[in-house]
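Since the structure comes first, as structure tokens, the remarks are kept for the end.
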Amino acid sequence: MRTSTRFGDFSIAPGEVKLTPGQIRTDLLSGLTVALALVPEAVAFAFVAGVHPLVGLYAAFMVGLITAIFGGRPGMISGATGALAVVMVALVAQHGVEYLFATVVLMGLLQVFAGVMQWGKFIRLVPHPVMLGFVNGLAIVIFLAQLTQFKVPGSAEASGHGMAGGEWLSGLPLYLMLGLVGLTMVIIWLSPRVTRFIPAPLAGIGIVAAIVIGFGLDVPRVGDLASIEGGLPQFHIPAVPFNFETLQIILPYAVILAAIGLIESLLTLNLVGDLTKQRGGASQECIAQGVANTATGFFGGMGGCAMIGQSMINVKSGGRTRIAGISAALFLLAFILVGSSVIELIPLAALVGVMFMVVIGTFAWNSLKILRKVPLTDAFVIVLVTVVTVMEDLAVAVVVGVIVSALAYAWNNARRIHATTRDSVTEAGAKVYEIHGPLFFGSATGFIELFTVETDPREVIVDFADSRVVDQSALQAIEAVAGKYADAGKRVQLRHLTHDCHKLLTKAGHLIVDSDDDPDYEVATDYGVRTGILGDH
């Protein structure tokens, strides 16, 4: 039986998830775990963007809270992300943080517009090889981001500015760091075998933190990154001139940020949906992300989108309802307001261990096994998207992957066009071309080359019963063939075309023979088909 508690117009416990006391406890503990993992991530991404740590923490709180309440996928976690931070850094450096806030507001409005227009549904056109590359690339990015925690606290590079410089830990501090990271990972692995009362990542953080604090071990802690103490976010209209010049500055950044944010959010939505057996919600997620970013821009936040790492922590910890995301955001706010002195004592090694386990659980290991089993093009797309995600960013990687997949699909279909010929049984002396395969821009040239106008008889019939006319290029090809036969003084008839072709082929309309069994499909089609899934993540 479907059981759900309503929050406004949105279900707190969707589908078959029952909002029981046990589930509420699990969601609250999962939210606490996520909030602890959000702190160093938000601080590091704020440093990457060149803004104060509280700007990242406020974004994590506000974006996380609003998307948890209104988002399209309960259980998904949003916040400040590195994918957006690397785009923001140039804007902040050139124009200042106030222009960043204005950009985030505009970014949110663009995302709301995309949601209202229901553009989120186009994410279904992303093929499965691109999804595998996205997952693998993000897992590698998450792993590389944790390596900055193995640098001496206080250096600029260790604070999130990159991997190129900074002083690495060495000697006993390095061994302690590695040992505590390994201990955290072992606890997370063993904990579910002992008890599921406490989420495994929370158990790992708690035990390792207790050991470090109890024995007074000298290892990097959250407080070494930056102080997270602060007050409530205050409403603030971005202090920028409201003129066309400002729009020219912020619009390009807003478009890029909106696109990256939606792509990462919608791909994460699909990934979480596969794990939690949920579907739909793409347009709702676009609107929620847009509202969240618009509000964040007015409250001094750097904006954000879905976070695959924290979403995986939540899902693997048992978080299934909106309570998990809401509690994560509220716990984070509590850390900022009253709990900073305690949170700053948590060793970074414990949080790194949690993220390393996320990397292991996120990477699609089965993709390594199927590289030799899938078509060469699909294998190439998986590797390509993974590499581009790591080297550039997610949006570029997905666009490149989709383009390559689309070109490969078009080429494969273009090669399918062929014809069989026979003598007509109804009209003496006439030659029949039976066309097989789709006729579209990719196969239009091949279609024209099928005909031998010079040697054909005066009566030619082109039968499209086993073909599919797709686009304007196909219509142009049909007209070109008809024109060649007309120039040669020969008569050609076109059979079994769609009724739309009857209307569009105005110049060759007299050549068409109507039939009761003419197909009735549309000329332009919306394929919208996802590729098959070759195993679990």
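The values are calculated or read from the model by the stated rules, or taken from the named source; none is laboratory data. Here the structure is a predicted model, which means the values were calculated and not measured. Ideal geometry is used to build each Cβ from the backbone, glycine not excepted, and the neighbour counts take in all protein chains shown. Each accessible area value is taken on the protein alone, full model and side chains, heavy atoms only, with ligands, DNA and RNA left out. Shrake-Rupley method; radii C 1.70, N 1.55, O 1.52, S 1.80 Å.
Percent of Cα-Cα pairs per 5 Å bin, from 0 to the last occupied bin, for the stretch 358-508, please list those.
2, 8, 14, 16, 13, 9, 7, 7, 7, 6, 5, 3, 1, 1, 0
Go through Ala90, Val105, Phe197 and say which Cα lies farthest out towards the positive end of the charge dipole of the stretch 72-227; charges sit on Cβ, +1 for Lys and Arg, -1 for Asp and Glu.
The listed residue farthest towards the positive side: Phe197.
Which pairs in the list Lys431/Lys484; Lys121/Lys373; Lys151/Lys369; Lys121/Lys369 are over 24 Å apart, alpha-carbon to alpha-carbon?
Result: Lys121/Lys373; Lys151/Lys369; Lys121/Lys369 exceed 24 Å.
For the stretch 281-394, state the average projected area of the convex hull of the C-alpha atoms over all orientations, rounded to one decimal in nm².
Value for the stretch 281-394: 10.3 nm².
On a 0 to 90° scale, report how tilted helix 21-49 is relative to the longest principal axis of the chain, with both axes built from alpha carbons and the result rounded to the nearest 10.
Relative to the chain, helix 21-49 is tipped by roughly 90 degrees.
Could you calculate the contour length gain from Trp168 to Leu376, that is, 0.36 nm times the residue separation minus the distance between their Cα atoms, to one decimal place in nm? Provide the component values of the computation, followed by the final result.
Numbers: separation 208, 0.36 × 208 = 74.88 nm, distance 4.05 nm.
Result for the pair: 70.8 nm of gain on full extension.
Mind listing P(r) for the stretch 304-362? All alpha-carbon pairs, 5 Å bins, whole percents.
Binned Cα distances yield the sequence 4, 16, 20, 24, 25, 11, 1.
Per 0.36 nm of contour for each residue apart, how much would the distance between Gln118 and Leu178 grow if the chain were fully extended, relative to their Cα-Cα spacing?
Going from the current span to full extension adds 16.9 nm.
Of all alpha-carbon pairs in the stretch 350-444, indicate the percentage at a distance above 15 angstrom.
75
Hey, with R₀ at 60 Å, roughly what FRET efficiency would Leu232 and Leu450 work out to, going by the Cβ-Cβ distance, to 0.05?
Approximately 0.25, to the nearest 0.05.
Any idea what % of Cα-Cα pairs in the stretch 399-451 are farther than 16 Å?
53
Ordering Ile370, Ile237 by how much accessible area each has at a 1.4 Å probe, largest first, what is the list?
Per-residue accessible area, sorted high to low, gives Ile237, Ile370.
Tell me the carbon and sulfur percent of the accessible area for the stretch 282-413, rounded to whole percent, probe radius 1.4 Å.
75
From the gyration tensor of the Cα coordinates in the stretch 357-408, what semi-axes in whole Å does the equivalent ellipsoid have, largest first, with each one equal to sqrt(5λ)?
19, 17, 7
Two decimals is fine: what is log10 I(q)/I(0) at q = 0.16, 0.23 Å⁻¹ for the stretch 63-162, from a Debye sum with one equal scatterer on every Cα and no solvent?
-1.07, -1.34
Three principal axis extents, largest first, for the C-alpha atoms of the stretch 419-491, in Å?
Projected onto its principal axes, the Cα set of the stretch 419-491 covers 33, 25, 14 Å.
What's the center-to-center distance, using Cα atoms, between the stretch 24-101 and the stretch 315-334 in Å?
Measuring centre to centre over Cα atoms gives 14 Å.
Could you list log10 I(q)/I(0) for the stretch 270-344 at q = 0.12, 0.25 Å⁻¹, which the Debye formula gives when each Cα is one point scatterer?
-0.43, -1.34
Can you give me the % of accessible surface on the stretch 423-475 that is carbon or sulfur? Probe 1.4 Å, all protein chains present, nothing else counted. Walk me through the numbers before you get to the answer.
Working: 1270 of 2460 Å².
Reported share for carbon and sulfur atoms: 52 percent.
Could you compute how fast the chain diffuses translationally, taking Rh as the Kirkwood radius over C-alpha pairs and applying Stokes-Einstein at 37 °C with viscosity 0.692 mPa s? Give it in µm² per second. Mind dumping the intermediate values first?
Numbers: Rh = 25.9 Å.
For the chosen part, D equals 127 µm²/s.
Mind pulling the angle between the C-alpha long axis of helix 128-146 and the longest principal axis of the chain? Nearest 10 degrees, somewhere in 0 to 90.
20
For Cα pairs less than 8 Å apart in space and 6+ apart in sequence, what is the mean separation divided by the residue count of the stretch 169-261, i.e. the relative contact order in percent?
Across the stretch 169-261, relative contact order equals 21 percent.
Among the trypsin sites (Lys or Arg not before Pro) in the stretch 408-480, which ones are in a DSSP loop with at most 16 other Cβ atoms within 10 Å of the Cβ? Mind listing them?
Counting only loop positions with at most 16 other Cβ atoms within 10 Å, the trypsin sites (Lys or Arg not before Pro) in the stretch 408-480 are Arg415, Arg416, Arg458.
Keeping every protein chain present and rolling a 1.4 Å probe, give me the accessible area per residue for the chain in Å².
Spelled out: the 1.4 Å probe surface of the chain, per residue, equals 44 Å².
Helix-only estimate, please: 222 nm mean residue ellipticity of the chain, summing -39500 (n - 2.57) across DSSP H runs of length 4 or more and dividing by its residues, to the nearest 500.
Helix-only estimate at 222 nm: -19000 deg cm²/dmol.
Using only the alpha-carbon atoms of the stretch 190-349, report the extent along each of the three principal axes, biggest first, to the nearest angstrom.
Principal axes ranked by extent give 59, 39, 22 Å for the Cα atoms.
Length gain on complete extension for the stretch Arg416 to Ile213, per 0.36 nm per residue less the alpha carbon to alpha carbon distance?
Result: 66.3 nm gained on full extension.
If you average 1/r over all unlike Cα pairs in the stretch 198-289 and invert the result, what Kirkwood radius do you get in angstrom? Walk me through the intermediate numbers first.
Numbers: mean 1/r = 0.0539 Å⁻¹.
Hydrodynamic radius (Kirkwood, Cα only) of the stretch 198-289 equals 18.6 Å.
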